[in-house]
Amino acid sequence: MTAKICVVIPAYNASKTIEDVIKGALQHVDTVIVADDGSTDNTAEIAARAGAHVISITRNRGKGHALRVLFRKSIKDGFTAVITLDADGQHSTDEIPSFINTYRLHPHDIIVGSRMFEKEKIPRARYNSMHIARFYISLAANQFIADTQCGYRLYPLSLLKDMILTTEKYTTETEILIKAGDLGAVIRFIDSKAIYTGGGSYYKPVMDTGAITAYVVTYLIMKWFKEGFMPDKPFTYTAGNIMNLTGKYSITNTLFQTFVVIISIPVCSMYFINFLITSKSGTNNFASLRNNNIKFSKIVRASYMLPFVLLIIIVEKALCTAGLETRYIDGFIARYYPHLWSCSHSTY
């Protein structure tokens, strides 16, 4: 198979790290494309000098917009796949050959780096949020994804070419995984080093986590609505998806997601009742769950536990301030947000 692969890097004020990232990537691929997302420093100049093709975005629009710009440019230039790297140096470019080799074996699959095998290097609060995120995102994507928050990925551009992306900032990477998985695509993972430099990330824990959570919850509620009434339909994504329609405008997107999140807990309970009824009738409603032998009761229980997760985190932070460190939340999350899948897509 002849594959044309490039590395793409969304960058914002990354002048301290971008040169090393580009030079490392160019040891393994011929082309690196950087989207300078309205930087106020000399990121673009350094990137060009390091050997990258630079696309300048006039004002900062966020990672999601920069990724869409990079995808369009890569498709236009005839590439078959892109490897996404963060500009802050938290991805080891030495792992690029592993992505390329896995792609050659599985050219239609998304490949995601997983830092979970080095979980001791991941900050505790970050690891716990990653654990909960993969629980729900894996449900929406119809398969277990070891690390749903890692930006180190390989995307076959044939998958992205006709995919409608409506989200912004860090939510876009979650949107891609969910929509690809809900189209029937396989999402594989390979081990990737957990590198935390202590700076460079523009991720806002409250705002960005809230946006991702709202998107995932809304997608699941809409997905299970279809599955509840349509047997044998585990893959529900279409171009006419209601989230694509409401996502065209910021106001409709915000209002719709807010409404769905507010009603999500009682609606999830109603779906559980439907799940039990259809179980007795023998129809394969909620096929994405039944096909993977996932018990809906565990999803409902996990959803009802979310307020307690927040409460425990607040209490433990208060105790830590007072000099008393507890780790009850770790076991709580491991218990109520387990690995529900009987199989997963590892490196091979």
>> What pairs come out if I take residues in segment 313-330 that are not assigned by TED's automatic domain parsing to the domain that holds residue 128 and pair them with residues that are among the aromatic types (Phe, Trp, Tyr) whose C-beta lies under 9 Å away, six or more apart or interchain?
In response: 315/328; 316/328; 330/127
> Which ones in segment 154-174 are in a helix (DSSP H, G or I), touching a residue at least 60 places away in the same chain (Cβ under 8 Å) and touching a Phe, Trp or Tyr at 6+ places or on another chain (Cβ under 7 Å)?
Replying inline: 157, 160, 171
> Is it true that some residue in segment 246-265 is surrounded by 18 or more Cβ atoms within 10 Å (Cβ to Cβ) and more than 27 Å from residue 304 (Cβ to Cβ)?
Replying inline: yes
> Since residue 45 meets every condition but one in (1) among the acidic types (Asp, Glu); (2) part of a helix (DSSP H, G or I); (3) in contact (Cβ under 8 Å) with a residue 40 or more places away in the chain, which condition does it not meet?
Replying inline: (3)
>> Going by what's in this entry, would residue 298 be described as without any contact (Cβ under 8 Å) to a residue 24 or more places away in the chain and either outside the structural domain of residue 145 (by TED's automatic domain parsing) or assigned to a helix (DSSP H, G or I) (or both)?
In response: no
> Going through segment 18-39 one residue at a time, which ones are assigned to a loop (DSSP other than H, G, I, E, B), surrounded by fewer than 21 Cβ atoms within 10 Å (Cβ to Cβ) and either at negative phi or modelled with pLDDT of 95 or more (or both)?
Replying inline: 26, 27, 28, 29, 30, 31
> When you scan segment 84-126, how many residues do you find that are charged (D, E, K, R) and part of a loop (DSSP other than H, G, I, E, B)?
Replying inline: 4
> Any idea how many residues of segment 221-252 are touching an Asp or Glu at 6+ places or on another chain (Cβ under 6 Å) and touching a residue at least 60 places away in the same chain (Cβ under 8 Å)?
Replying inline: 1
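Test residue 61 against the stated conditions and say whether it is assigned to a helix (DSSP H, G or I), out of contact with any His (no Cβ under 8 Å at 6 or more places or on another chain) and in the same structural domain as residue 161 (by TED's automatic domain parsing).
No, not satisfied.
Name the residue that is modelled with the lowest pLDDT, counting only residues in segment 189-226 that are in a helix (DSSP H, G or I) and among the polar types (S, T, N, Q).
209
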>> Being of a type in the set (D, E, K, R) and either modelled with pLDDT of 95 or more or surrounded by fewer than 16 Cβ atoms within 10 Å (Cβ to Cβ) (or both) is the filter here; which residues of segment 2-17 pass it?
In response: 4
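The values are calculated or read from the model by the stated rules, or taken from the named source; none is laboratory data. None of the values given here were measured: they were computed from a predicted structure. Using ideal geometry, Cβ is built from the backbone for each residue, glycine included, and neighbour counts are taken over all protein chains shown.
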